[in-house]
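The values are calculated or read from the model by the stated rules, or taken from the named source; none is laboratory data. Worth saying up front: this structure is predicted, and the values here are computed from it rather than measured. Every residue, glycine among them, receives a Cβ derived from its backbone with ideal geometry; neighbour counts consider all protein chains shown. Surface accessibility is based on the protein's heavy atoms, side chains included, excluding ligands, DNA and RNA. Shrake-Rupley method; radii C 1.70, N 1.55, O 1.52, S 1.80 Å.
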Amino acid sequence: MFPKKLTFPSILLYALGAVVAVCALSLFQSAYAQSQRKKALEKETFTRPDPTKPLKPTIPDANRFQDDKVFLEHADSLYRPANEYEEYQIVKGSVKFRQGGMWLFCDSAYYFPQRNSMDAFGHVEMRQGDTLFVYADKVYYDGLSKHATLTHGPSRGNVQLKNRTVTLTTDSLDYDLAGERGWYTLGGRLEDDVNTLTSEYGEYSPATKIADFRFNVVLVNRKDGYRMLTEDLRYNTATHIADIHTLTRIEGATDTIVTSGGNYNTVTDHAVLTARSIISHRDSSANVTTLEGDSIIYDKQTRTSRAYMFKNPSKLPKPMVINDTARKITLIGGYGEYNDLTRRAYSTDYPLLIEYSRPDTLFLRADTVLTFIESVPTDSIGENVKDYHVARAIGRARFFSQEVQGIADTLLFKEQDSILYMIKKPVVWSGERQVYGNAINVHLNDSTADWAELPESGMIAEHIAEGFYNQLTGSHLLAYFNNQQLDKLDATGNVIAILLPQEKDSTYNKMVRAESSFLSMEMDGKDMKYLKMWPEVNGKVMPLFDVKSADQYIEGFSWLEPLRPVRDWYGSRARWMDELGEVPDEMDKYFKDPPLFKPVPKSARDMLRE
């Protein structure tokens, strides 16, 4: 019992007394324990052996290559916190885990043996075999699902997955070890030995070498520097082939491709485009030529592109189109090729060429149309060259413009001499006039004809009235034009003329038939200025009412109006004018029939020209 009034000295005396009592009890217990131990030792009849080797923990006897179990292989220290909701281990220092063929290294980790998982921190490295390495600052790994979520942090500024020549870099990566597939959702970059690809979402499988990218996808080729821009792309890191599934733009130094389907080999620069696509080529002068088709094969090494029109009507086919903006030429067809090195354009399957450099647009059809650039030296040593345009229309060719229409089996235009060569059974119409022969050469000056030559026999005819025509034939004909009107006409060799002179009251009442070796005629507008025939002239003048049908026409005369190209063939549209360009039956028969004139022997032709 404490005193009624406590003072500091009295409290101190009480406390010292309690301590003395406790110490006395402790000394008594210790003495008793030593006495009991001594008695027990006196009863032992053997001596304890000293250890012969250091003692260390033993690893439990288990298959440590189990694919479904995560094993802790090493750590400098291990601590198991007490009184936690879930049992786990904290391991630090050179930490090493294994699950089957996967190894994981880190600075420290939380290890959850029961749920086969761990959270690893600091210099994280995952290895699978000798080809796959993943580096991160942190990893959250579920060993049951074999799913890892890796993030960046203080020890590593990003997450990297490396597989041979492939490196995938991002801030956060999910990786499925069972499916061997990694993916990111917040932006990343994949690099191999050819390309660099960036996107907002991406996934990569080291097993299949397939990478899928979505949203703001950019592929940059480090060899050529061209870029591929799209929203969805599949890429194979083994073949370096990109599969295109949506609208994609490929930008190169001189070429641009716009497509929505196909594949592109980024090593060989070979592309197969399976949807409606456009390829634009720019030359050194910034002139652009475009190639458009339902499907295109593009080969950058040969500089050749091949375009096709779908054959299946259900795909709503559209024709191939080549457009040369510098020369204002459009070439359309079921199939076409373009080489941007030689600037060679080629089309088959009902091709149509449109030349729109003048107000009077020219339309040209043939079985095959070919245009290219021919470089010709301008000096004797060949150091300087000039480029000239060459165009060929081969097989049942025909052309149409408002002023002039024509047909020939083959047409050849050479910019170098500005001559249009019409080969094999050509016919040219202008207004009521028709010119035809075995061959016709037309010289163009500033896109208009200034002279035309029939070098191998031919005929000029003009419709006057029902059944009556002005006609002129000869072995060699040469006509000169001024302001698109006939100005002068020269005929040589076996000249025959049938003319209906117009009276002052604009009527016709007589017909003149004359034959000679030479003829020269000049015009004053639409009126004849003079007509001269020499050296001898044989002929007659007949009243129209007295003209017999046998006298109306020169032998070999034929009015070929049914073959004449008309506007209805081409319509008013800018493309694909005449129902795929089918050839009229009359024209097909005309080109299969024999020539209308017997060819002039070469020696005789040369003499006439002299």
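Which residue, of THR198, THR165, is surrounded by fewer than 16 Cβ atoms within 10 Å (Cβ to Cβ), under 28 Å from the mean Cα position of the chain (by Cα) and among the polar types (S, T, N, Q)?
Matching residue, one of THR198, THR165: THR165.
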### Query
Could we say that THR274 is surrounded by fewer than 21 Cβ atoms within 10 Å (Cβ to Cβ) and touching a residue at least 24 places away in the same chain (Cβ under 8 Å) here?
no
### Query
Take the residues of region 369-405 that are on the phi > 0 side of the Ramachandran plot and not in a loop (DSSP other than H, G, I, E, B): which is nearest to the chain's Cα centre (by Cα)?
GLY395
### Matching residues in region 124-145 - criterion: being in a loop (DSSP other than H, G, I, E, B) and open to solvent by 50 Å² or more (accessible area, probe 1.4 Å)
GLY129, ASP130, LEU144, SER145
### Query
strands (runs of 3 or more DSSP E) wholly in region 458-511 with at least 3 residues that are farther than 17 Å from TRP429 by Cα - which ones?
485-499
### Message
So ASP269 ticks every box in (1) open to solvent by less than 50 Å² (accessible area, probe 1.4 Å); (2) at negative phi but one. Which box is left unticked?
### Response
(2)
#### Entry: Residue among MET523, MET528, MET587 that is outside any loop (DSSP other than H, G, I, E, B), open to solvent by 80 Å² or more (accessible area, probe 1.4 Å), modelled with pLDDT under 90 and hydrophobic (A, V, I, L, M, F, W, C)
MET528
#### Entry: Residue list for region 180-196, restricted to those being under 16 Å from LEU229 (Cα atoms) and of a type in the set (S, T, N, Q)
ASN195, THR196
### Message
Given the condition closer than 20 Å to HIS152 by Cα, without any contact (Cβ under 8 Å) to a residue 60 or more places away in the chain and either acidic (Asp, Glu) or touching a Cys at 6+ places or on another chain (Cβ under 9 Å) (or both), answer yes or no: does some residue in region 76-90 qualify?
### Response
no
### Query
Can we say ARG115 is assigned to a strand (DSSP E or B) and at pLDDT below 95?
no
### Task
Determine which single condition ASN195 fails, assuming it passes every other condition in (1) polar (S, T, N, Q); (2) touching a residue at least 60 places away in the same chain (Cβ under 8 Å); (3) out of contact with any Leu (no Cβ under 9 Å at 6 or more places or on another chain).
(3)
### Query
Can you tell me which residues in region 227-253 are touching an Asp or Glu at 6+ places or on another chain (Cβ under 7 Å) and at pLDDT below 95?
HIS245, GLY252
### Query
If we keep just the residues of region 424-449 that are of a type outside the set (Gly, Ala, Ser) and surrounded by fewer than 17 Cβ atoms within 10 Å (Cβ to Cβ), which is modelled with the lowest pLDDT?
ASP446
### Task
Kindly indicate the residue of region 552-575 that is closer than 15 Å to PHE363 by Cβ and in contact with a Gly (Cβ under 9 Å, 6 or more places away or on another chain) and also modelled with the lowest pLDDT among those meeting that condition.
TRP569
### Task
Name the single residue, out of those in region 350-366 being surrounded by 18 or more Cβ atoms within 10 Å (Cβ to Cβ) and in a loop (DSSP other than H, G, I, E, B), that is modelled with the lowest pLDDT.
TYR350
### Query
THR378: in contact with a Lys or Arg (Cβ under 9 Å, 6 or more places away or on another chain), among the polar types (S, T, N, Q) and more than 18 Å from PHE597 (Cα to Cα), yes or no?
yes
### Pair list, Cβ < 8 Å and 6+ apart or interchain, from region 477-505 residues that are among the aliphatic types (A, V, I, L, M) to residues that are part of a loop (DSSP other than H, G, I, E, B)
ILE496/ILE554; ILE498/GLN552; ILE498/TYR553; ILE498/ILE554; LEU500/TYR508
## Note on the structure
Counting only residues in region 72-112 that are on the phi > 0 side of the Ramachandran plot and open to solvent by 40 Å² or more (accessible area, probe 1.4 Å), the one modelled with the lowest pLDDT is identified as ASN83
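What residue, of ALA452, ALA514, is free of Cβ contacts under 8 Å to residues at least 40 places away in the same chain, surrounded by 20 or more Cβ atoms within 10 Å (Cβ to Cβ) and aliphatic (A, V, I, L, M)?
Criteria check complete, one pass: ALA452.
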### Query
When you go through LEU291, LEU341, LEU331 one by one, which is the residue that is buried (at least 22 other Cβ atoms within 10 Å of the Cβ) and closer than 21 Å to TYR388 by Cβ?
LEU331
### Summary
Taking region 414-423 and keeping residues within 23 Å of ILE554 (Cβ to Cβ) and either among the polar types (S, T, N, Q) or open to solvent by 60 Å² or more (accessible area, probe 1.4 Å) (or both) leaves none
### Query
Given the residues LEU168, LEU197, LEU186, which is the only one that is of a type in the set (A, V, I, L, M, F, W, C), part of a strand (DSSP E or B) and farther than 30 Å from ASP67 by Cβ?
LEU197
### Message
Quick check on region 150-162. Is at least one of its residues open to solvent by less than 50 Å² (accessible area, probe 1.4 Å) and within 27 Å of the chain's Cα centre (by Cα)?
### Response
no
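Which is surrounded by 13 or more Cβ atoms within 10 Å (Cβ to Cβ), aromatic (Phe, Trp, Tyr) and over 22 Å from ALA271 (Cβ atoms), of PHE372, PHE310?
On the way: PHE310 fails: over 22 Å from ALA271 (Cβ atoms).
Within the list PHE372, PHE310, the selection yields PHE372.
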